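Structure, as structure tokens:
The values are calculated or read from the model by the stated rules, or taken from the named source; none is laboratory data. None of the values given here were measured: they were computed from a predicted structure. In this analysis, Cβ positions are derived from the backbone assuming ideal geometry, glycine residues included, and neighbour counts consider all displayed protein chains. Side chains included, ligands, DNA and RNA excluded: accessible areas come from the protein's heavy atoms. Shrake-Rupley method; radii C 1.70, N 1.55, O 1.52, S 1.80 Å.
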Amino acid sequence: MSEPSSLLQEESAFYDRMRNELLMQYPNRVLLIHGDRVEGDFDTVDAVITEGVRKYGAGPFLVRRAGEDAPVLSAPALTLGILKCQ
């Protein structure tokens, strides 16, 4: 099994490298990326996830809207010390 930090590394690097081209080729589309390939483009995130699970099961695949930056995930309650992980 892959280390968490290496999960989707190839897909993320491909997306970052091809971001502008993907935006021009797939404007306003949600992409299913596996390895260094776009495996499909869809109208909705739900459609991408459905297809990704159908094709790859529990295996990793990247879902990203063409041209968008990676989402920033944060847990303010943890950062501010309001909530503690156990």
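If you go through region 1-24 and keep only what is open to solvent by 100 Å² or more (accessible area, probe 1.4 Å) and either part of a helix (DSSP H, G or I) or closer than 14 Å to A70 by Cβ (or both), you end up with P4, S5, Q9, E10, D16, R17, N20, M24. Any chance you could count how many residues in region 25-69 are touching a residue at least 40 places away in the same chain (Cβ under 8 Å), assigned to a loop (DSSP other than H, G, I, E, B) and not aromatic (F, W, Y)? Residues flagged as touching a residue at least 40 places away in the same chain (Cβ under 8 Å), assigned to a loop (DSSP other than H, G, I, E, B) and not aromatic (F, W, Y) within region 25-69 amount to 4. Filtering region 36-52 to residues that are over 18 Å from F14 (Cα atoms) and open to solvent by 80 Å² or more (accessible area, probe 1.4 Å) leaves D43, D46, T50.
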